[in-house]
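Contents: one structure, followed by commentary.
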Amino acid sequence: MKLVDVEYTFDNSKILFYFTADGRVDFRALVKDLASVFRTRIELRQIGVRDESKMLGGLGVCGRPFCCSSFLGEFHPVSIKMAKEQGLSLSPTKISGTCGRLMCCLKYEQEAYTDLIKRTPKVGAIVKTPLGKGLVVETNLLARTLKVKMDNTPDDAAPQSFKVKEVRVVKGNYINNKGNKKGKEKDTESEELKKLED
């Protein structure tokens, strides 16, 4: 058990102890001992690591106070799929918050990324550009730009950059909601990444 916080009720009729633990804890004997020391009703509440961060507060990797302790009312599920769609590194240290779970900001930025994905040609699509036809080799969702390997240039020529609004899809389609490229991607999520979703 790791004690996180202690609260007294206003009428001093009860003391609440908040704690975190890896598994279920049988604390009946502890409650009896605490009741005999404090001579009042004792309540122990096991909370999760996200709740611990919300209670204690702190600064996130962005340098701002934790979202959970400053403005988030409740926790929403956050998944590795969101990090993939947003083009983030899947390194656990880069996408997890101080609590050790996936950063909450992945969730409230997801809607914007989903919208951009629907309106952006995917890698492998053939597009018509102001300079002719070409193959999309790279996308930048936030900048709304594409890198296109032009048909009328040598194989070793650098791809040309275009804004999404300058091109029209000839063959292929837009990035699907999973953000997958052509063909089936192997599921490469490690157990370490899966633990961050809890």
Output yes when any residue across region 13-30 is of a type in the set (Phe, Trp, Tyr), part of a loop (DSSP other than H, G, I, E, B) and at pLDDT 90 or above, and no when none is. no
So Lys133 ticks every box in (1) open to solvent by 30 Å² or more (accessible area, probe 1.4 Å); (2) more than 30 Å from Phe17 (Cβ to Cβ); (3) modelled with pLDDT under 90 but one. Which box is left unticked? (3)
Scanning region 39-52 for residues that are at pLDDT 90 or above and not charged (D, E, K, R), which turns out farthest from Gly97 (Cα to Cα)? Thr40
Lys149: at pLDDT 90 or above and either surrounded by fewer than 16 Cβ atoms within 10 Å (Cβ to Cβ) or at negative phi (or both), yes or no? yes
Those residues of region 103-123 which are exposed (fewer than 15 other Cβ atoms within 10 Å of the Cβ) and in a loop (DSSP other than H, G, I, E, B) amount to Arg119
Looking only at region 5-46, count every residue that is open to solvent by less than 90 Å² (accessible area, probe 1.4 Å), among the acidic types (Asp, Glu) and without any contact (Cβ under 8 Å) to a residue 24 or more places away in the chain and tell me the total. 1
Scan region 55-78 and report the pairs whose first residue is closer than 10 Å to Thr98 by Cβ and whose second residue is open to solvent by 70 Å² or more (accessible area, probe 1.4 Å) and aliphatic (A, V, I, L, M), with Cβ atoms within less than 6 Å and a gap of 6+ or a chain change. none
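The values are calculated or read from the model by the stated rules, or taken from the named source; none is laboratory data. As the structure is a prediction and not an experimental result, all values here were calculated from the model. When we count neighbours, we look across all protein chains shown, and the Cβ atoms used for this are built from the backbone with ideal geometry, even at glycine. Ligands, DNA and RNA are stripped out before the accessible areas are found, and what is left, the full protein with its side chains, is counted by its heavy atoms. Shrake-Rupley method; radii C 1.70, N 1.55, O 1.52, S 1.80 Å.
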